[in-house]
Structures are given as structure tokens and as C-alpha cells.
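What follows is a short report on a single structure.
The values are calculated or read from the model by the stated rules, or taken from the named source; none is laboratory data. Bear in mind the structure is a predicted one, so any value in this text is a computation, not a measurement. Positions of Cβ are backbone-derived with ideal geometry, glycine not excepted, and every protein chain shown enters the neighbour counts.
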Amino acid sequence: MKADHSRPHWPAVACAVALLSLCEADACRAFAFQPCAPCAGAPGAIKVKDQPAALRVDIREWPTPTRGTHPHDPLATQDGAIWYTGQKANLLGRLDPATGKIQEFPLKTPDSGPHGLVVDKAGAIWFTAQAKGYIGKLDPATGIVREYVPTGATRIDPHTPIFDRNGVLWFTAQQANLIGRLDPSTGEITLLAPPTKDAAPYGVVSGGDGALYVAEFGANKIARVDPTTLRITEFTLPSEDARPRRIAATGDGYIWYTDFTRGRLGRLDPRTGEVEDWLSPGGALSGPYAIAALGDGIWFAETGEEQNMLVRFDPKTQSFAKWPIPSGGGVVRNMAATPSGGLALACSGVDKIGLATITDAGK
């Protein structure tokens with residue numbers, strides 16, 4: 001499928017602006033994007049099929065206590081809390097959506113640049129310190145942070161972490177062009193180099209087959225890492241211009257990714273290597289970024305415009321619906337599914353943490 005580089009006609013933009021005026025300061029009702037008749041017929045207009053009326057999305061946002069925090073990644077835990085990395089404030093934060101209370105946990109190493117985070121079975125919060133090249137482990141009960149660094153002189157910039165089925169921590173290192181493995185029982189870090197030079201490993205997810213899948217943002221490739229043999233294989237995407245950034249997995253074995261530079265949502269079948277993609281509703285310059293698989297849909301954020309949009313794709317009908325993020329989002333760099341079936345959002349540029357509550361009255 002070829003990318004459509006056309007831009008929406010100005011009447012369509014006016015229609016979108018009118019839609020955004022329906023958002024309030026702290027919450028946003030769910031409105032499926034439906035262009036008016038003149039907009040729908042405008043050259044380059046993106047057609048978005050109607051979403052079932054039973055689906056409702058409400059988005060709430062909370063400002064971070066420290067200004068300039070730049071929350072990068074969110075994490076939803078089983079107790080209902082939303083954790084986040086305060087990339088520019090050198091801290092981790094914990095939001096209780098029920099009360100709105102936010103607790104901040106300062107890091108002991110200055111200017112660590114916390115980026116991604118994940119929770120282990122014991123409740124400890126592990127995070128990547130991108131600017132200082134270490135993996136951190138926070139004990140929420142004490143606030144104590146333990147740091148892990150690779151042996152030798154290897155310099156890393158840890159990016160996105162994830163645990164595999166055996167409780168081993170994996171992470172990407174974008175500029176170092178490495179994929180890391182950390183054994184929590186020993187603290188030992190193993191670094192693997194993908195076959196492609198300057199692949200820029202970015203998002204990572206655990207697939208249905210137990211392997212790790214990595215979006216190589218510097219290439220048109222997705223890497224597969226066998227956690228047992230440590231062997232890395234790569235799937236080349238059909239378009240040379242494709243740049244997968246964030247990545248998600250569904251129970252049917254598919255790997256989904258946001259193609260940031262082409263404005264597309266992509267799907268890889270690792271069993272056959274088959275790839276299919278769809279133009280995002282916002283068009284080729286919509287900047288699809290954060291992504292999550294939730295229920296029977298694929299959710300992602302369009303960040304190409306100041307007004308970020310939360311988008312849902314229905315794989316069965318191959319249709320999209322979209323909702324404006326109340327604050328604009330300031331680039332939603334990552335999102336995470338919550339145990340209750342919602343989505344936690346990190347609205348980095350506006351220093352807010354968001355929670356999308358999704359209600360499907362038809363179920």
C-alpha cells in the first residue's frame with residue numbers, strides 16, 4: 001500500500017477545530033470524527049468510518065506537581081495507579097486516579113533522564129535512565145533506587161524496558177544500537193547488536209510466541225529476539241521509507257506498529273513475514289507514535305499536529321475512530337493499557353498524565 005502524501009482540505013481542518021471546541025478543561029466526551037459533507041468531499045480528505053454508538057471514551061488529565069517534568073512513559077499497575085517517568089525532572093511519579101494524588105520519587109543520580117518503566121511481580125518499578133546509561137530499580141515502599149550498569153566501558157542509552165515470560169528484563173538502546181538483557185537475580189547485563197547498522201532499537205514488546213519484537217526506528221525493519229538462544233532475526237518492511245517506532249502485540253500472534261514517518265498503522269505476521277498497513281486518519285503527516293493493544297482494537301496516538309488525537313483501529317472492519325486529547329497532548333509518546341480496560345497516557349509536552357476510560361455499552 002502506497003503512502004498518501006496529500007493534506008486535508010482547509011474546510012476539513014475547520015471541521016476538526018469545531019469538534020475540538022467540545023472538549024472541556026479536565027475531561028473530554030467521546031466523539032467519533034465525522035467530517036461534514038463539504039469536508040468529506042474535499043480533496044485529500046481522510047474517510048473515517050463511524051464507530052459503534054455504544055463505544056464511549058472519556059479522557060481525564062492531571063498536571064504533574066513539578067513543572068517541566070516532561071512525563072515520557074506511563075505504566076498502569078494492578079492497584080489502579082499510574083506511574084510515569086519525569087524525564088526532565090529526574091524523578092518517577094505515581095498517580096492515584098481515584099484521589100488525584102501524585103507522589104514523586106526523586107532519583108539519586110542527577111540528570112538521569114528516566115525514559116521507560118515496567119513493574120515486576122513483587123511490585124518494584126524498573127526504569128531506564130537514558131541520559132546516564134543505567135537501569136534503575138525503585139522500591140516504592142522506601143524510595144530506594146538500585147542502579148545496574150553494564151560491565152566494561154560500553155556506553156548505553158537505555159530506552160524501553162520489558163519483562164519476558166521468565167522474569168528477565170530486556171531493554172532497547174537507541175543511539176548505542178543495542179538490545180540489552182538484564183538478569184534480575186544476578187544483575188548481569190548482556191548486550192546484543194542487531195544485524196542492521198544504525199537500526200536505532202526503539203519500542204519493544206513480548207509476542208505471543210514468547211520472543212521479543214523490537215521496532216527498529218532507524219530502518220524499515222522489525223527485529224525478533226529469541227530469549228533463549230539470543231539470536232536476532234529481522235523482518236524487512238515492504239516500504240524503504242517505513243520507520244516503525246512503537247510496537248504492540250495481540251493474542252492472535254500479530255505484531256502491530258506505528259510507522260511514524262509515513263503516517264501509517266502496520267501489522268506484521270511473524271509466522272509468514274506478511275505485512276499490511278493502513279493510512280492513519282490524519283494522513284501521511286499525522287505522526288503515529290504511542291500504541292497499545294486493548295480488547296479487540298488497536299489504539300494509538302497521532303502526534304503530527306498540536307492537537308494530538310487518540311485513535312482506535314478495528315481490525316475486523318478495518319475502520320478508524322478518533323478522539324481529541326483535551327490538553328492537546330504535547331506529543332503522547334507512549335501509552336499503556338490499564339487492568340480495568342482503559343489507557344494511561346503520558347502527555348509529555350504539557351506536563352500531564354491522562355487516563356482514557358472506555359465504555360462499550362454493547363458488551
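Test residue 259 against the stated conditions and say whether it is crowded, with 24+ Cβ neighbours inside 10 Å, within 20 Å of residue 221 (Cβ to Cβ) and not hydroxyl-bearing (Ser, Thr, Tyr).
yes
Is it the case that region 184-197 has a residue that's modelled with pLDDT of 95 or more, acidic (Asp, Glu) and either within 17 Å of residue 246 (Cα to Cα) or surrounded by 14 or more Cβ atoms within 10 Å (Cβ to Cβ) (or both)?
Checked region 184-197: no residue is modelled with pLDDT of 95 or more, acidic (Asp, Glu) and either within 17 Å of residue 246 (Cα to Cα) or surrounded by 14 or more Cβ atoms within 10 Å (Cβ to Cβ) (or both).
Starting from region 164-177, take each residue that is over 13 Å from residue 203 (Cα atoms) and touching a residue at least 12 places away in the same chain (Cβ under 8 Å) and list its partners that are assigned to a strand (DSSP E or B) and of a type in the set (D, E, K, R), counting only C-beta distances under 6 angstrom and pairs at least six apart or across chains.
As it stands, the answer is none, since no pair meets every condition given.
Condition first: of a type in the set (A, V, I, L, M, F, W, C) and either under 14 Å from residue 211 (Cβ atoms) or at pLDDT below 95 (or both). Now tell me which residues in region 240-285 satisfy that.
Listed by number, the residues that qualify are 247, 249, 255, 268.
Just give me the residues in region 108-135 being within 18 Å of residue 69 (Cα to Cα), part of a strand (DSSP E or B) and without any contact (Cβ under 8 Å) to a residue 60 or more places away in the chain, in sequence order.
114, 115, 117, 127, 128, 129
Looking only at region 301-320, filter to residues that are hydrophobic (A, V, I, L, M, F, W, C) and over 13 Å from residue 347 (Cα atoms); which one of those is surrounded by the fewest Cβ atoms within 10 Å (Cβ to Cβ)?
That would be 313.
Yes/no per residue for (1) more than 22 Å from residue 100 (Cβ to Cβ); (2) in a strand (DSSP E or B):
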| position | (1), (2) |
| --- | --- |
| 305 | yes, no |
| 311 | yes, yes |
| 321 | yes, yes |
| 341 | no, no |
| 353 | no, yes |
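Considering only residues of region 97-114 that are among the aliphatic types (A, V, I, L, M) and farther than 29 Å from residue 156 by Cβ, which is surrounded by the fewest Cβ atoms within 10 Å (Cβ to Cβ)?
Ranking the qualifying residues of region 97-114, first place goes to 98.
Inside region 187-249, counting only strands (runs of 3 or more DSSP E) that do not spill past its ends, which hold 3 or more residues that are touching a His at 6+ places or on another chain (Cβ under 7 Å) and free of Cβ contacts under 8 Å to residues at least 12 places away in the same chain?
none
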